Amino acid sequence: MTGIQTQYSTGASRQAIEQALVAAGKDLGHLRPADLALLEDFHTMGRIATTQLADLVEITPGDEVLDAGSGIGGTARYVAGRSRCHVVAVDLTEEYCQTARWLNQLAGLDDRIFVRQADVTDLPFEDATFTLMFSQHVQMNVADKPLLYVEARRVLAAGGRLYLGKDALLDEGMFKAMYPQFEEWIAIKQKYDPGNKFSSNLSRRLGLHT
């Protein structure tokens, strides 16, 4: 297991999510994709940032989408549910992949999303497979960043789009100015994650702890 896999393999992600859903009164046997919105996006600003991504890249039902560094699959589920496209989600951490498959099934989206454990610098796909590749807050964990971009170019078809999201240079004040819904998001996070189980050095730097 690599250092990154060890860092993100806690053994608690599925358990914590299941407990939060039950505490919120959700029926795991009749779950809607929207029921997961407040819990499934680990990246900065969560669903707000994911919505901005979907608006920006104008995803269509005909797109073949790769989510590179998908975590537990929140962005993949949002994109597949909203745009009715096919999404392949890859992550280096098998625990996250297992949790993503479980949530995809609960949300009724497992027919549109294929999850695979893989390294974003060594993608197990043929050339020109996808029309869109996105990666949210993943690059900081990739030692060989040029190889990530080489792989993106290889698996994207001619005219394909690449979206990379990262708040690496922001401080807390700049971040709050960029996101008018910051206080709303913090209130939601405090409700569903009062113990800050879902945290990182980046979230602490940007003032996302409650």
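The values are calculated or read from the model by the stated rules, or taken from the named source; none is laboratory data. What you see is a predicted model, and the numbers here were worked out from it, not measured in a lab. Every residue, glycine as well, gets a Cβ built from its backbone with ideal geometry; the counts of neighbours run over all protein chains shown.
Assorted remarks:
- Any hit, segment 129-139, residues being among the hydroxyl-bearing types (Ser, Thr, Tyr) and at pLDDT 95 or above: yes
- Single condition Asp127 does not satisfy, out of (1) surrounded by 18 or more Cβ atoms within 10 Å (Cβ to Cβ); (2) more than 28 Å from Ala20 (Cβ to Cβ): (1)
- Neighbours by Cβ (under 7 Å, 6+ apart or cross-chain): first from segment 69-97, among the acidic types (Asp, Glu); second assigned to a strand (DSSP E or B): Asp91/Gln117; Glu94/Gln117
- Checking Lys166 against (1) modelled with pLDDT of 75 or more; (2) of a type outside the set (S, T, N, Q); (3) within 16 Å of Ala49 (Cα to Cα), the condition it does not meet: (1)
- Qualifying residue in segment 138-157 (condition: within 28 Å of Gly207 (Cα to Cα), loosely packed, with under 13 Cβ neighbours inside 10 Å, in contact (Cβ under 8 Å) with a residue 12 or more places away in the chain and among the small types (Gly, Ala, Ser)): no
- Once segment 97-152 is narrowed to residues that are among the aliphatic types (A, V, I, L, M) and in a helix (DSSP H, G or I), the residue that is nearest to Gly165 (Cα to Cα) is Met140.
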